[in-house]
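First up is the structure itself, then whatever we jot down about it.
The values are calculated or read from the model by the stated rules, or taken from the named source; none is laboratory data. None of the values given here were measured: they were computed from a predicted structure. For neighbour counting, all protein chains shown are included, and Cβ atoms are generated from backbone atoms with ideal geometry for every residue, glycine included. These accessible areas exclude ligands, DNA and RNA; they are computed on the full protein's heavy atoms, side chains included. Shrake-Rupley method; radii C 1.70, N 1.55, O 1.52, S 1.80 Å.
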Amino acid sequence: MLLFKFKGTFGGCKCNESFSTQDQRCRMNEDTGADYLTPWQLSKCLDGGGVGVVESSHCSSYAVGDVVTSFNWPWQTHAVMKGSVLQKVNPQLVDGHLSYFLGAVGMTGLTALLGVRERGHVTKGANHTMVVSGAAGACGSIAGQIGKMDGCVRVVGICGSDEKCRALVEDLDFSAAINYRQEDVPARLKECCPDGVDVYFDNVGGVTSDTVISQMNSGSHVILCGQISQYNKDVPYPPPLTVETQEVLQRKNITRERFVVLNHMSKADAALCELSQCVKSGQIKVLETVVNGIGNMGEAFCSMMKGGNIGKQVIKISE
């Protein structure tokens with residue numbers, strides 16, 4: 001058993017079809033929609049992705065000072081945990097930014113990188129255009145950068161505020177960004193993607209995804225990562241598509257497969273090394289929204305669910 005003091009973060013995530021730090025919104029449903037996610041229990045301590053430092057250890061695999069991470073870290077300042085549920089990580093991989101283990105150099109980054117690589121079929125020199133929904137979130141912001149890094153000539157993000165649009169274009173070098181709350185999405189998509197859409201990294205589902213799919217090219221690819229717009233509805237996962245959208249997929253031979261990063265963990269070590277190198281070199285830029293103090297976790301969680309975060313939502317518990 002181990003005694004830990006949190007150092008850095010709990011991570012919040014709402015829309016990824018992977019552990020990331022835990023798809024916490026899905027865990028609020030009795031049926032999470034995923035066999036690898038268990039629902040939160042009433043009157044029990046909540047948990048999620050966390051990273052911390054060992055303060056005391058009775059386990060030979062871990063020593064005082066080791067940095068460890070877990071998908072099921074209780075929301076509290078100290079915890080006694082079994083070594084079997086923890087993973088030791090090397091702070092040098094993130095230049096000491098421990099929260100990155102919950103995002104860009106963790107499951108979130110793996111979801112973005114392997115999702116694009118395994119489902120996106122981006123080809124250098126093919127002049128591909130990628131669209132990312134939920135683009136200013138933890139996963140979407142990384143996925144768009146990877147798409148551009150892998151050869152997309154145009155990457156367009158869809159998000160929910162002008163501030164997020166500016167972050168995508170000015171900070172992450174997206175080609176363009178669309179504010180779905182304020183703009184005419186179909187018209188702006190045609191403007192930003194004059195040659196159609198070849199790869200769609202889908203984090204949200206619903207009307208936004210129907211609109212993007214309607215403008216996709218023949219033989220293009222949808223990376224089905226999450227469907228956050230549908231999680232409050234009593235529907236199965238993945239949610240059913242409209243008849244019109246199903247017809248477009250069939251007529252244009254568009255692939256649309258659910259992506260679960262846990263099915264690709266044989267490639268995780270190499271992918272994490274690549275993500276680490278890209279982050280440290282500045283090739284991938286990391287966005288985070290950091291809130292200090294465990295007493296602010298509830299407020300930060302609700303803010304994230306309303307789209308208040310840019311990049312990874314992080315709760316910093318201690319120095």
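At a glance:
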| item | result |
| --- | --- |
| Filter on 252/312; 148/190; 124/190; 44/88; 164/316; 267/312 - keep pairs with C-alpha separation over 29 Å | 252/312 |
| Within the accessible area of region 37-139 (1.4 Å probe), percent carbon and sulfur | 51 |
| Inter-probe distance in nm under a simple model that places probes 7 Å from Cα toward Cβ, at residue 217 and residue 92 | 4.3 |
| About the Cα centre, charge dipole magnitude for region 53-198 (Lys/Arg +1, Asp/Glu -1 at Cβ), debye | 340 |
| Extension gain from residue 269 to residue 31, taking 0.36 nm per residue of separation minus the Cα-Cα distance | 82.6 nm |
| Inverse mean reciprocal Cα-Cα distance (Kirkwood Rh) of the chain, Å | 19.8 |
| Normalised contact order of region 107-262, rounded percent, pairs of Cα under 8 Å and 6 or more residues apart | 23 |
| Rel. contact order, % - alpha carbon contacts under 8 angstrom, at least six apart, the chain | 20 |
| With at most 13 neighbouring Cβ atoms within 10 Å, loop trypsin sites (Lys or Arg not before Pro) (DSSP) excluded, longest segment of the chain | 234-305 |
| Charged-residue dipole, Cβ positions (Lys, Arg, Asp, Glu), region 107-262 about Cα centre, Debye nearest 20 | 300 |
| Probe 1.4 Å, accessible area per residue of the chain, Å² | 44 |
